1. Which of the following residues is modelled with pLDDT of 95 or more and more than 26 Å from residue 5 (Cβ to Cβ): 86, 114, 106, 137?
2. If you go through the range 161-211, how many residues are at pLDDT 70 or above and surrounded by 11 or more Cβ atoms within 10 Å (Cβ to Cβ)?
3. Residue 32 versus (1) surrounded by fewer than 21 Cβ atoms within 10 Å (Cβ to Cβ); (2) closer than 30 Å to residue 88 by Cα; (3) touching a residue at least 60 places away in the same chain (Cβ under 8 Å): which is the lone unmet condition?
4. On the basis of being in the same structural domain as residue 12 (by TED's automatic domain parsing) and at pLDDT 95 or above, does residue 143 make the cut?
């Protein structure tokens, strides 16, 4: 699915007759949904790196997103059958950024294969969301928009907002209920038991670039 198609589907679900939600709000809501989904169903990438001086440290791979990415598996030596992995590691914050600390010493320059989590991407040419979860992502983004409308309704005391969208007695409650219903669809689609899972909070600067200076996420041009 294309980025523009996601935006259209989110708008269709929200049905904001008051036109309070603009394209920037829709994109922000989709960003929030992708962050949440990336935590619930991470996108994993496999990349080889070389150990550095001392043999106890690995550089983070090119696609690593500081503050978000996590190591799933460290394979060493590469290509063994059955696969051999290093069981223990930690992420260390150095003055130059994050690095991977090992509990065993490797030869300098040893090749290590990392499996790590990345943020999902949605652009006009790339969509990494699993196809059976696309509708769930749209529901979560629409819920974010409905919460914005609930805030507008709660703070509005005049008649400038379309009465069909927001009435001054229960407009906020209606949009909040709509948001909760849509978000519940997301959790049900992904099979997440809210009684067992605490809410995931991830703060990510969407304008961060990777270690090669390239954009990590999607942006939509504004007119």
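1. The unique qualifying residue is 114.
2. Summing the residues that are at pLDDT 70 or above and surrounded by 11 or more Cβ atoms within 10 Å (Cβ to Cβ) in the range 161-211 gives 23.
3. The number of the failed condition is (2).
4. Against the criterion (in the same structural domain as residue 12 (by TED's automatic domain parsing) and at pLDDT 95 or above), residue 143 qualifies.
The values are calculated or read from the model by the stated rules, or taken from the named source; none is laboratory data. Everything numeric in this text was worked out from a predicted model, so none of it was measured. All Cβ positions, even for glycine, are placed from backbone atoms using ideal geometry, and neighbour counts span all protein chains on display.
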